[in-house]
Amino acid sequence: MASYFIGLDAGSSVCKAAIFDLSGWQYGVASRRTPLSRPHVGWSELDPDMVWAAAQDVIVEVVAESGLDPHEIAGLGITAAMVGAWVVDRTGTALRPGIIWEDCRSQSIIDEMVAKDPQILSRIFLSSGSVMQQGCTLPVLAWLVRNEVDVLARAAHALSYKDFLRMKLTGKVATDRSEASVIPGDAASRDRSDAMISLFGLEAWRHLLPEVRDSETVHGGLLPEVAERLRLPAGLPVAIGAGDVPATVVGAGGLSPGTITAVLGTTCMVGLCTDRPVFMPRDLGLLFSLPDDCWYRAMVNVAGTLNLDWALMALAPDLANLPDRYERVTAMAEAVAIGAGDLTYLPYLSESGIIAPVVDIHARAQFSGLSPRHDRAAMFRAVFEGVAFAFRDLVEALDAGGGPILLTGGGGQSHFWSQMIADVLGREIVVPNGTQFGARGVALIAATAVGAFADVRSASAAVAGGGRRHFPSEEHTAAYHAAFQVYRARRDRLLGVSG
(Lines give C-alpha, C1' and ligand atoms only; values in the text may rest on other atoms or scores of the structure.)
Protein backbone atom coordinates (compact mmCIF):
# COMPACT_ATOMS: atom_id res chain seq x y z
CA MET A 1 0.00 0.00 0.00
CA ALA A 2 1.25 3.51 -0.83
CA SER A 3 2.12 5.26 2.41
CA TYR A 4 2.62 8.96 1.61
CA PHE A 5 -0.03 11.62 2.09
CA ILE A 6 -0.36 15.25 1.03
CA GLY A 7 -1.53 17.84 3.53
CA LEU A 8 -2.86 21.10 2.05
CA ASP A 9 -3.01 24.00 4.53
CA ALA A 10 -4.59 27.25 3.32
CA GLY A 11 -4.07 30.02 5.84
CA SER A 12 -5.27 33.60 5.83
CA SER A 13 -2.27 34.82 3.85
CA VAL A 14 -0.21 31.74 2.85
CA CYS A 15 -1.19 28.48 1.16
CA LYS A 16 1.13 25.53 1.89
CA ALA A 17 1.39 21.87 0.97
CA ALA A 18 3.61 19.19 2.48
CA ILE A 19 3.97 15.41 2.10
CA PHE A 20 4.29 13.03 5.06
CA ASP A 21 4.77 9.34 5.68
CA LEU A 22 2.93 7.39 8.38
CA SER A 23 5.47 8.37 11.03
CA GLY A 24 4.85 12.05 10.33
CA TRP A 25 8.19 12.56 8.60
CA GLN A 26 7.97 15.48 6.18
CA TYR A 27 9.02 15.15 2.52
CA GLY A 28 9.19 18.72 1.32
CA VAL A 29 6.98 21.78 1.63
CA ALA A 30 5.83 24.40 -0.84
CA SER A 31 4.11 27.72 -0.19
CA ARG A 32 2.51 30.67 -2.00
CA ARG A 33 1.46 34.02 -0.63
CA THR A 34 -2.26 34.72 -0.90
CA PRO A 35 -2.59 38.40 0.04
CA LEU A 36 -5.75 39.53 1.77
CA SER A 37 -7.97 42.20 0.27
CA ARG A 38 -9.41 44.82 2.64
CA PRO A 39 -11.73 46.87 0.38
CA HIS A 40 -13.49 48.48 3.35
CA VAL A 41 -12.64 48.99 7.01
CA GLY A 42 -13.13 45.69 8.82
CA TRP A 43 -13.48 43.59 5.65
CA SER A 44 -11.11 40.65 5.01
CA GLU A 45 -11.45 38.78 1.72
CA LEU A 46 -9.52 36.40 -0.52
CA ASP A 47 -9.73 36.07 -4.28
CA PRO A 48 -11.12 32.55 -5.01
CA ASP A 49 -9.27 32.23 -8.32
CA MET A 50 -6.00 33.26 -6.69
CA VAL A 51 -6.26 30.76 -3.82
CA TRP A 52 -7.32 27.92 -6.12
CA ALA A 53 -4.33 28.62 -8.36
CA ALA A 54 -2.07 28.76 -5.29
CA ALA A 55 -3.40 25.44 -4.00
CA GLN A 56 -2.68 23.74 -7.32
CA ASP A 57 0.77 25.30 -7.56
CA VAL A 58 1.91 24.17 -4.11
CA ILE A 59 0.66 20.61 -4.66
CA VAL A 60 2.51 20.33 -7.97
CA GLU A 61 5.67 21.83 -6.45
CA VAL A 62 5.76 19.69 -3.31
CA VAL A 63 5.24 16.45 -5.24
CA ALA A 64 8.11 17.38 -7.56
CA GLU A 65 10.31 18.45 -4.63
CA SER A 66 9.68 15.22 -2.73
CA GLY A 67 11.06 13.08 -5.55
CA LEU A 68 8.29 10.56 -4.95
CA ASP A 69 6.50 8.67 -7.68
CA PRO A 70 2.98 10.21 -7.70
CA HIS A 71 1.56 6.69 -7.52
CA GLU A 72 3.21 6.29 -4.11
CA ILE A 73 0.86 8.98 -2.75
CA ALA A 74 -2.23 7.41 -1.20
CA GLY A 75 -4.39 10.38 -0.29
CA LEU A 76 -4.81 14.08 0.31
CA GLY A 77 -6.19 16.01 3.30
CA ILE A 78 -7.19 19.66 3.49
CA THR A 79 -7.28 22.25 6.23
CA ALA A 80 -7.76 26.00 6.09
CA ALA A 81 -8.70 29.05 8.10
CA MET A 82 -12.13 28.34 9.55
CA VAL A 83 -15.66 29.80 9.17
CA GLY A 84 -16.30 32.84 6.96
CA ALA A 85 -18.23 32.27 3.71
CA TRP A 86 -17.29 31.18 0.20
CA VAL A 87 -20.42 31.49 -1.94
CA VAL A 88 -20.58 29.40 -5.13
CA ASP A 89 -23.15 28.53 -7.79
CA ARG A 90 -24.10 25.05 -9.02
CA THR A 91 -21.05 24.87 -11.28
CA GLY A 92 -18.73 25.58 -8.33
CA THR A 93 -17.95 29.08 -9.57
CA ALA A 94 -17.41 31.64 -6.82
CA LEU A 95 -19.98 34.42 -6.93
CA ARG A 96 -17.96 36.88 -4.85
CA PRO A 97 -14.64 37.03 -2.97
CA GLY A 98 -14.26 34.62 -0.08
CA ILE A 99 -14.93 36.14 3.34
CA ILE A 100 -12.55 34.89 6.03
CA TRP A 101 -12.71 34.56 9.81
CA GLU A 102 -11.25 37.95 10.74
CA ASP A 103 -13.86 39.90 8.76
CA CYS A 104 -15.89 42.30 10.93
CA ARG A 105 -18.67 43.45 8.60
CA SER A 106 -21.40 41.67 10.56
CA GLN A 107 -20.82 43.71 13.75
CA SER A 108 -23.78 46.02 13.07
CA ILE A 109 -26.11 43.03 12.86
CA ILE A 110 -24.69 41.58 16.07
CA ASP A 111 -25.17 44.97 17.77
CA GLU A 112 -28.83 44.97 16.73
CA MET A 113 -29.32 41.45 18.09
CA VAL A 114 -27.72 42.38 21.42
CA ALA A 115 -29.87 45.53 21.67
CA LYS A 116 -32.99 43.37 21.36
CA ASP A 117 -31.72 40.64 23.70
CA PRO A 118 -28.73 41.52 25.94
CA GLN A 119 -28.26 37.82 26.76
CA ILE A 120 -28.12 36.61 23.17
CA LEU A 121 -24.33 36.18 23.02
CA SER A 122 -24.47 34.06 26.17
CA ARG A 123 -27.21 31.95 24.59
CA ILE A 124 -25.01 31.43 21.54
CA PHE A 125 -22.09 30.48 23.78
CA LEU A 126 -24.17 27.85 25.57
CA SER A 127 -24.75 26.18 22.21
CA SER A 128 -21.36 26.52 20.51
CA GLY A 129 -19.09 26.84 23.56
CA SER A 130 -17.39 29.73 21.79
CA VAL A 131 -17.46 33.49 21.93
CA MET A 132 -18.90 34.31 18.55
CA GLN A 133 -16.57 36.29 16.29
CA GLN A 134 -17.88 38.59 13.60
CA GLY A 135 -16.44 36.41 10.83
CA CYS A 136 -18.40 33.30 11.81
CA THR A 137 -20.49 31.90 9.00
CA LEU A 138 -24.00 32.60 10.31
CA PRO A 139 -23.54 36.33 11.05
CA VAL A 140 -21.71 36.72 7.72
CA LEU A 141 -24.60 35.04 5.90
CA ALA A 142 -27.06 37.31 7.74
CA TRP A 143 -25.07 40.28 6.43
CA LEU A 144 -25.14 38.89 2.90
CA VAL A 145 -28.92 38.40 3.10
CA ARG A 146 -29.27 42.04 4.00
CA ASN A 147 -26.68 43.48 1.62
CA GLU A 148 -26.09 41.03 -1.25
CA VAL A 149 -29.26 38.97 -1.46
CA ASP A 150 -28.95 38.89 -5.25
CA VAL A 151 -25.70 36.94 -4.84
CA LEU A 152 -27.32 34.43 -2.47
CA ALA A 153 -30.28 34.03 -4.82
CA ARG A 154 -27.86 32.67 -7.44
CA ALA A 155 -25.94 30.54 -4.94
CA ALA A 156 -25.99 26.79 -4.47
CA HIS A 157 -23.61 26.57 -1.50
CA ALA A 158 -22.03 28.71 1.22
CA LEU A 159 -18.79 26.96 2.16
CA SER A 160 -15.81 27.38 4.42
CA TYR A 161 -12.38 27.89 2.88
CA LYS A 162 -11.19 24.27 3.00
CA ASP A 163 -14.54 23.00 1.73
CA PHE A 164 -14.30 25.38 -1.22
CA LEU A 165 -10.87 23.98 -2.11
CA ARG A 166 -12.02 20.37 -1.70
CA MET A 167 -14.98 21.08 -4.00
CA LYS A 168 -12.58 22.38 -6.63
CA LEU A 169 -10.48 19.21 -6.28
CA THR A 170 -13.30 16.65 -6.27
CA GLY A 171 -16.46 18.33 -7.51
CA LYS A 172 -18.21 17.27 -4.29
CA VAL A 173 -19.57 19.47 -1.48
CA ALA A 174 -19.53 18.72 2.27
CA THR A 175 -18.14 20.04 5.53
CA ASP A 176 -16.76 18.51 8.72
CA ARG A 177 -17.84 18.61 12.35
CA SER A 178 -15.21 21.12 13.44
CA GLU A 179 -16.67 23.71 11.05
CA ALA A 180 -20.32 22.83 11.59
CA SER A 181 -20.21 23.22 15.36
CA VAL A 182 -18.51 26.61 15.43
CA ILE A 183 -20.41 28.61 12.78
CA PRO A 184 -22.03 28.89 15.53
CA GLY A 185 -23.52 25.43 15.91
CA ASP A 186 -23.94 22.77 18.62
CA ALA A 187 -20.70 21.74 20.30
CA ALA A 188 -22.28 18.92 22.32
CA SER A 189 -23.54 17.13 19.21
CA ARG A 190 -20.57 18.28 17.08
CA ASP A 191 -23.02 19.42 14.42
CA ARG A 192 -24.97 22.38 13.11
CA SER A 193 -27.82 23.83 15.15
CA ASP A 194 -31.25 24.58 13.71
CA ALA A 195 -31.83 26.88 16.69
CA MET A 196 -28.75 28.94 15.81
CA ILE A 197 -29.75 29.09 12.14
CA SER A 198 -33.19 30.37 13.19
CA LEU A 199 -31.65 32.86 15.60
CA PHE A 200 -29.97 34.58 12.66
CA GLY A 201 -33.12 34.43 10.53
CA LEU A 202 -31.52 32.06 8.02
CA GLU A 203 -34.15 29.30 7.77
CA ALA A 204 -34.80 30.17 4.12
CA TRP A 205 -31.07 29.87 3.37
CA ARG A 206 -30.31 26.66 5.26
CA HIS A 207 -30.04 24.77 1.97
CA LEU A 208 -26.79 26.64 1.24
CA LEU A 209 -25.02 24.90 4.14
CA PRO A 210 -23.44 21.59 3.04
CA GLU A 211 -23.92 18.17 4.63
CA VAL A 212 -21.77 17.35 7.66
CA ARG A 213 -19.38 14.38 7.66
CA ASP A 214 -16.62 13.07 9.91
CA SER A 215 -13.17 14.50 9.17
CA GLU A 216 -11.66 11.06 8.59
CA THR A 217 -13.91 10.02 5.71
CA VAL A 218 -13.07 10.01 2.03
CA HIS A 219 -15.29 12.34 0.07
CA GLY A 220 -14.56 11.73 -3.56
CA GLY A 221 -11.33 11.63 -5.50
CA LEU A 222 -9.43 14.03 -7.71
CA LEU A 223 -11.36 14.97 -10.81
CA PRO A 224 -9.57 13.71 -13.95
CA GLU A 225 -8.90 17.20 -15.32
CA VAL A 226 -7.61 18.39 -11.92
CA ALA A 227 -5.46 15.28 -11.48
CA GLU A 228 -3.87 15.91 -14.87
CA ARG A 229 -2.92 19.46 -13.87
CA LEU A 230 -1.59 18.26 -10.51
CA ARG A 231 0.27 15.30 -12.09
CA LEU A 232 -1.40 12.94 -9.65
CA PRO A 233 -3.55 9.86 -10.26
CA ALA A 234 -7.19 10.56 -11.12
CA GLY A 235 -9.46 9.50 -8.30
CA LEU A 236 -6.80 9.96 -5.62
CA PRO A 237 -8.78 9.82 -2.33
CA VAL A 238 -9.45 13.22 -0.74
CA ALA A 239 -10.50 13.27 2.92
CA ILE A 240 -13.06 15.67 4.37
CA GLY A 241 -10.33 17.15 6.57
CA ALA A 242 -10.71 19.63 9.44
CA GLY A 243 -10.36 23.29 10.33
CA ASP A 244 -6.89 24.69 10.97
CA VAL A 245 -7.02 24.52 14.77
CA PRO A 246 -8.22 20.88 15.03
CA ALA A 247 -5.76 19.87 12.30
CA THR A 248 -2.89 21.46 14.23
CA VAL A 249 -3.85 19.62 17.42
CA VAL A 250 -3.84 16.30 15.53
CA GLY A 251 -0.57 17.08 13.74
CA ALA A 252 1.21 18.11 16.95
CA GLY A 253 0.35 14.81 18.63
CA GLY A 254 -2.14 16.54 20.91
CA LEU A 255 -5.27 14.45 20.27
CA SER A 256 -5.22 12.90 23.74
CA PRO A 257 -7.45 14.14 26.59
CA GLY A 258 -5.40 16.13 29.08
CA THR A 259 -2.84 17.35 26.55
CA ILE A 260 -2.33 21.12 26.28
CA THR A 261 -1.47 22.43 22.82
CA ALA A 262 -0.64 26.05 22.09
CA VAL A 263 -0.37 27.90 18.80
CA LEU A 264 1.91 30.89 18.30
CA GLY A 265 1.05 31.72 14.73
CA THR A 266 -0.93 34.59 13.27
CA THR A 267 -3.24 33.86 16.21
CA CYS A 268 -2.07 33.15 19.76
CA MET A 269 -3.98 30.27 21.38
CA VAL A 270 -3.72 27.81 24.28
CA GLY A 271 -6.12 24.89 24.63
CA LEU A 272 -6.80 21.61 26.40
CA CYS A 273 -7.92 18.41 24.68
CA THR A 274 -10.89 16.87 26.51
CA ASP A 275 -13.21 13.90 26.10
CA ARG A 276 -16.32 16.02 26.72
CA PRO A 277 -17.40 19.53 25.73
CA VAL A 278 -16.30 22.08 28.34
CA PHE A 279 -18.26 25.34 28.58
CA MET A 280 -16.37 26.88 31.50
CA PRO A 281 -15.37 29.60 32.03
CA ARG A 282 -18.63 30.95 30.64
CA ASP A 283 -18.65 33.46 27.81
CA LEU A 284 -14.90 33.24 27.27
CA GLY A 285 -12.70 31.52 24.69
CA LEU A 286 -13.51 28.94 22.03
CA LEU A 287 -14.53 25.28 21.89
CA PHE A 288 -13.51 23.20 18.87
CA SER A 289 -14.85 19.78 17.95
CA LEU A 290 -12.03 17.34 17.23
CA PRO A 291 -12.16 13.92 15.55
CA ASP A 292 -12.86 10.79 17.63
CA ASP A 293 -15.29 12.49 20.03
CA CYS A 294 -12.75 14.89 21.47
CA TRP A 295 -12.92 18.63 22.01
CA TYR A 296 -10.37 21.43 22.34
CA ARG A 297 -11.18 24.11 24.92
CA ALA A 298 -9.10 27.13 23.97
CA MET A 299 -8.34 30.65 25.09
CA VAL A 300 -7.30 33.02 22.32
CA ASN A 301 -5.55 36.32 21.83
CA VAL A 302 -6.53 36.96 18.24
CA ALA A 303 -3.11 38.40 17.25
CA GLY A 304 0.09 36.38 17.77
CA THR A 305 3.07 36.62 15.40
CA LEU A 306 1.09 39.31 13.58
CA ASN A 307 2.42 41.67 16.27
CA LEU A 308 6.04 40.94 15.37
CA ASP A 309 5.37 41.20 11.64
CA TRP A 310 3.74 44.59 12.19
CA ALA A 311 6.64 45.77 14.38
CA LEU A 312 9.12 44.77 11.68
CA MET A 313 7.36 46.88 9.08
CA ALA A 314 6.72 49.82 11.41
CA LEU A 315 9.95 49.94 13.39
CA ALA A 316 12.50 48.36 11.06
CA PRO A 317 11.55 48.87 7.41
CA ASP A 318 15.28 48.72 6.65
CA LEU A 319 15.26 45.08 7.82
CA ALA A 320 11.78 43.98 6.76
CA ASN A 321 12.81 42.42 3.45
CA LEU A 322 16.06 40.80 4.56
CA PRO A 323 16.17 36.99 4.75
CA ASP A 324 17.61 37.14 8.30
CA ARG A 325 15.19 39.83 9.55
CA TYR A 326 13.85 37.72 12.42
CA GLU A 327 17.34 36.84 13.61
CA ARG A 328 18.28 40.53 13.57
CA VAL A 329 15.30 41.74 15.61
CA THR A 330 15.71 38.82 18.00
CA ALA A 331 19.32 39.85 18.59
CA MET A 332 18.13 43.41 19.29
CA ALA A 333 15.56 42.18 21.80
CA GLU A 334 17.99 39.80 23.50
CA ALA A 335 20.33 42.71 24.23
CA VAL A 336 17.61 44.44 26.31
CA ALA A 337 16.98 43.41 29.92
CA ILE A 338 13.76 41.67 30.99
CA GLY A 339 10.99 44.25 31.38
CA ALA A 340 12.17 46.33 28.39
CA GLY A 341 13.05 49.27 30.61
CA ASP A 342 9.51 49.52 32.02
CA LEU A 343 8.03 49.53 28.52
CA THR A 344 4.93 47.41 27.93
CA TYR A 345 3.32 46.31 24.69
CA LEU A 346 -0.32 45.20 24.74
CA PRO A 347 -0.65 42.77 21.79
CA TYR A 348 -4.24 43.41 20.70
CA LEU A 349 -3.54 44.14 17.05
CA SER A 350 -6.59 42.50 15.47
CA GLU A 351 -9.39 44.72 14.18
CA SER A 352 -11.85 42.25 15.76
CA GLY A 353 -10.57 42.96 19.29
CA ILE A 354 -9.95 40.18 21.82
CA ILE A 355 -11.88 37.25 23.30
CA ALA A 356 -9.57 36.47 26.26
CA PRO A 357 -8.77 37.32 29.04
CA VAL A 358 -11.96 39.32 28.50
CA VAL A 359 -14.17 39.89 25.49
CA ASP A 360 -13.60 43.39 24.11
CA ILE A 361 -14.20 44.12 20.44
CA HIS A 362 -12.69 47.59 20.90
CA ALA A 363 -9.35 46.47 22.41
CA ARG A 364 -6.40 47.63 20.31
CA ALA A 365 -2.65 47.23 20.58
CA GLN A 366 -0.48 49.93 22.10
CA PHE A 367 2.80 50.67 23.83
CA SER A 368 2.50 51.87 27.41
CA GLY A 369 5.29 53.61 29.32
CA LEU A 370 7.06 54.77 26.16
CA SER A 371 9.61 57.55 26.72
CA PRO A 372 12.51 59.15 24.82
CA ARG A 373 14.97 56.71 26.42
CA HIS A 374 13.40 53.74 24.62
CA ASP A 375 14.86 52.77 21.25
CA ARG A 376 13.53 50.27 18.76
CA ALA A 377 15.44 47.43 20.45
CA ALA A 378 13.43 48.06 23.64
CA MET A 379 10.23 48.23 21.59
CA PHE A 380 10.99 44.88 19.95
CA ARG A 381 11.72 43.40 23.38
CA ALA A 382 8.37 44.72 24.60
CA VAL A 383 6.57 43.11 21.63
CA PHE A 384 8.11 39.70 22.31
CA GLU A 385 7.27 40.04 26.01
CA GLY A 386 3.75 41.34 25.38
CA VAL A 387 2.83 38.24 23.41
CA ALA A 388 4.42 36.01 26.08
CA PHE A 389 2.43 37.81 28.79
CA ALA A 390 -0.72 37.32 26.71
CA PHE A 391 0.10 33.60 26.80
CA ARG A 392 0.11 33.77 30.59
CA ASP A 393 -3.31 35.45 30.48
CA LEU A 394 -4.60 32.60 28.33
CA VAL A 395 -3.13 29.83 30.49
CA GLU A 396 -4.58 31.39 33.65
CA ALA A 397 -8.01 31.74 32.01
CA LEU A 398 -7.88 28.14 30.79
CA ASP A 399 -7.04 26.82 34.30
CA ALA A 400 -5.85 23.50 32.87
CA GLY A 401 -3.44 22.55 35.65
CA GLY A 402 0.26 21.79 35.33
CA GLY A 403 2.23 19.73 32.88
CA PRO A 404 4.11 20.60 29.70
CA ILE A 405 2.61 22.65 26.89
CA LEU A 406 3.08 21.69 23.23
CA LEU A 407 3.98 24.87 21.34
CA THR A 408 3.26 24.98 17.60
CA GLY A 409 3.18 27.73 15.00
CA GLY A 410 5.87 29.82 13.37
CA GLY A 411 6.67 31.63 16.63
CA GLY A 412 7.60 28.32 18.22
CA GLN A 413 10.57 28.05 15.84
CA SER A 414 12.18 30.92 17.76
CA HIS A 415 14.29 29.49 20.60
CA PHE A 416 14.33 32.93 22.22
CA TRP A 417 10.55 33.29 22.23
CA SER A 418 9.94 29.68 23.29
CA GLN A 419 12.30 30.05 26.26
CA MET A 420 10.69 33.37 27.16
CA ILE A 421 7.26 31.71 27.25
CA ALA A 422 8.62 28.91 29.45
CA ASP A 423 10.07 31.50 31.83
CA VAL A 424 6.94 33.66 31.85
CA LEU A 425 4.69 30.66 32.55
CA GLY A 426 7.11 28.90 34.87
CA ARG A 427 6.47 25.58 33.14
CA GLU A 428 7.97 23.29 30.53
CA ILE A 429 7.43 24.12 26.86
CA VAL A 430 7.80 21.37 24.25
CA VAL A 431 8.18 22.34 20.59
CA PRO A 432 7.30 19.19 18.62
CA ASN A 433 9.49 18.03 15.77
CA GLY A 434 8.36 19.48 12.46
CA THR A 435 6.95 22.78 11.29
CA GLN A 436 3.79 22.14 9.25
CA PHE A 437 1.47 20.81 11.93
CA GLY A 438 -1.80 21.73 10.23
CA ALA A 439 -0.75 20.04 7.00
CA ARG A 440 0.55 17.04 8.94
CA GLY A 441 -2.71 16.82 10.86
CA VAL A 442 -4.84 16.53 7.73
CA ALA A 443 -2.34 14.19 6.10
CA LEU A 444 -2.82 11.90 9.13
CA ILE A 445 -6.59 12.34 8.85
CA ALA A 446 -6.36 11.31 5.18
CA ALA A 447 -4.25 8.30 6.16
CA THR A 448 -6.95 7.30 8.65
CA ALA A 449 -9.63 7.78 6.01
CA VAL A 450 -7.99 5.20 3.72
CA GLY A 451 -7.44 2.71 6.53
CA ALA A 452 -3.77 3.25 7.44
CA PHE A 453 -4.75 3.94 11.09
CA ALA A 454 -7.60 2.53 13.15
CA ASP A 455 -8.65 6.03 14.22
CA VAL A 456 -7.37 9.59 14.32
CA ARG A 457 -6.21 9.27 17.95
CA SER A 458 -3.86 6.49 16.84
CA ALA A 459 -2.65 8.61 13.94
CA SER A 460 -1.95 11.57 16.23
CA ALA A 461 -0.21 9.33 18.77
CA ALA A 462 2.11 8.12 16.00
CA VAL A 463 3.70 11.59 15.82
CA ALA A 464 3.63 12.40 19.57
CA GLY A 465 6.79 12.62 21.66
CA GLY A 466 10.20 14.09 21.04
CA GLY A 467 10.86 17.68 20.15
CA ARG A 468 12.76 20.59 21.63
CA ARG A 469 12.25 21.22 25.35
CA HIS A 470 12.48 24.50 27.24
CA PHE A 471 12.54 24.50 31.04
CA PRO A 472 11.90 27.67 33.07
CA SER A 473 14.78 29.45 34.77
CA GLU A 474 13.91 30.31 38.38
CA GLU A 475 15.79 33.61 38.15
CA HIS A 476 14.17 34.65 34.88
CA THR A 477 10.71 33.54 36.00
CA ALA A 478 10.96 35.86 39.00
CA ALA A 479 12.04 38.80 36.79
CA TYR A 480 9.25 38.14 34.29
CA HIS A 481 6.73 37.91 37.13
CA ALA A 482 7.64 41.44 38.19
CA ALA A 483 7.33 42.68 34.60
CA PHE A 484 4.00 40.88 34.26
CA GLN A 485 2.59 42.83 37.19
CA VAL A 486 3.32 46.03 35.30
CA TYR A 487 1.80 44.53 32.15
CA ARG A 488 -1.33 43.45 34.03
CA ALA A 489 -1.89 46.89 35.57
CA ARG A 490 -1.56 48.59 32.18
CA ARG A 491 -3.68 45.91 30.51
CA ASP A 492 -6.46 46.40 33.05
CA ARG A 493 -6.43 50.16 32.56
CA LEU A 494 -6.75 49.70 28.79
CA LEU A 495 -9.56 47.16 29.10
CA GLY A 496 -11.35 48.92 31.94
CA VAL A 497 -10.94 45.92 34.24
CA SER A 498 -10.83 46.45 38.00
CA GLY A 499 -7.91 44.74 39.69
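The values are calculated or read from the model by the stated rules, or taken from the named source; none is laboratory data. Keep in mind that what you see is a predicted model, and the values were worked out from it rather than measured. Using ideal geometry, Cβ is built from the backbone for each residue, glycine included, and neighbour counts are taken over all protein chains shown.
Quick check, is Val41 farther than 14 Å from Thr79 by Cα and hydrophobic (A, V, I, L, M, F, W, C)? Yes. For the stretch 42-56, filtered to residues that are touching a residue at least 24 places away in the same chain (Cβ under 8 Å) and surrounded by fewer than 17 Cβ atoms within 10 Å (Cβ to Cβ), the residue that is nearest to Met167 (Cα to Cα) is Asp49.
Do we have Val456 as surrounded by fewer than 23 Cβ atoms within 10 Å (Cβ to Cβ), in contact with a strand residue (DSSP E or B) (Cβ under 9 Å, 6 or more places away or on another chain) and either hydroxyl-bearing (Ser, Thr, Tyr) or touching a residue at least 12 places away in the same chain (Cβ under 8 Å) (or both) here? Taking the combined requirement at face value, the residue does not satisfy it. When the stretch 263-303 is filtered for residues that are closer than 14 Å to Pro246 by Cβ, out of contact with any strand residue (DSSP E or B) (no Cβ under 8 Å at 6 or more places or on another chain) and not charged (D, E, K, R), only Pro291 remains. Taken as a whole, the condition of being surrounded by fewer than 24 Cβ atoms within 10 Å (Cβ to Cβ) and in a loop (DSSP other than H, G, I, E, B) does not apply to Asp393.
Each row is one residue, and each column tells you yes or no for (1) surrounded by 19 or more Cβ atoms within 10 Å (Cβ to Cβ); (2) of a type in the set (Val, Ile, Thr); (3) out of contact with any Lys or Arg (no Cβ under 9 Å at 6 or more places or on another chain); (4) farther than 18 Å from Ala483 by Cβ.
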{"position": "Glu327", "(1), (2), (3), (4)": "no, no, yes, yes"}
{"position": "Ala333", "(1), (2), (3), (4)": "yes, no, no, no"}
{"position": "Ala340", "(1), (2), (3), (4)": "yes, no, no, no"}
{"position": "Leu343", "(1), (2), (3), (4)": "yes, no, no, no"}
{"position": "Leu349", "(1), (2), (3), (4)": "yes, no, no, yes"}
{"position": "Ser352", "(1), (2), (3), (4)": "yes, no, yes, yes"}
{"position": "Ser368", "(1), (2), (3), (4)": "no, no, no, no"}
{"position": "Arg373", "(1), (2), (3), (4)": "no, no, yes, no"}
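With surrounded by 16 or more Cβ atoms within 10 Å (Cβ to Cβ), hydrophobic (A, V, I, L, M, F, W, C) and without any contact (Cβ under 8 Å) to a residue 60 or more places away in the chain as the only criterion, which of Cys273, Cys294 stands out? Of the residues listed, the single one that is surrounded by 16 or more Cβ atoms within 10 Å (Cβ to Cβ), hydrophobic (A, V, I, L, M, F, W, C) and without any contact (Cβ under 8 Å) to a residue 60 or more places away in the chain is Cys273. Looking at the stretch 375-384 only, could you name the residues that are buried (at least 18 other Cβ atoms within 10 Å of the Cβ) and in contact (Cβ under 8 Å) with a residue 60 or more places away in the chain? Result: Met379, Phe380, Val383, Phe384. Could you count how many residues in the stretch 277-295 are in contact with a Cys (Cβ under 9 Å, 6 or more places away or on another chain) and farther than 25 Å from Trp25 by Cα? Looking only at that region, the number is 1. The residue list Ser178, Ser108, Ser122 contains one member that is within 19 Å of Gly42 (Cα to Cα), at pLDDT 95 or above and either among the aliphatic types (A, V, I, L, M) or not in a loop (DSSP other than H, G, I, E, B) (or both), which is Ser108. Helices (runs of 4 or more DSSP H) fully within the stretch 416-499 that include at least 2 residues being in contact with a Lys or Arg (Cβ under 9 Å, 6 or more places away or on another chain) and closer than 24 Å to Asp9 by Cα: 437-449.
Per-residue answers, yes or no, for (1) within 17 Å of the chain's Cα centre (by Cα); (2) within 15 Å of Gly411 (Cα to Cα):
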site	(1), (2)
Val249	yes, no
Leu264	yes, yes
Pro281	no, no
Met332	no, no
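Here's the yes/no breakdown for (1) under 20 Å from Asp455 (Cα atoms); (2) touching an Asp or Glu at 6+ places or on another chain (Cβ under 9 Å):
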position	(1), (2)
Met196	no, yes
Leu199	no, no
Arg206	no, yes
Val212	yes, yes
His219	yes, no
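Looking across the stretch 470-492, the residues that are more than 30 Å from Pro432 (Cα to Cα), touching a strand residue (DSSP E or B) at 6+ places or on another chain (Cβ under 8 Å) and not hydrophobic (A, V, I, L, M, F, W, C) come down to Arg490, Arg491.
Condition check ((1) β-branched (Val, Ile, Thr); (2) within 16 Å of Phe200 (Cβ to Cβ); (3) crowded, with 24+ Cβ neighbours inside 10 Å) across all residues:
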residue: Ala85; (1), (2), (3): no, yes, yes
residue: Ala94; (1), (2), (3): no, no, no
residue: Val114; (1), (2), (3): yes, yes, no
residue: Asn147; (1), (2), (3): no, yes, no
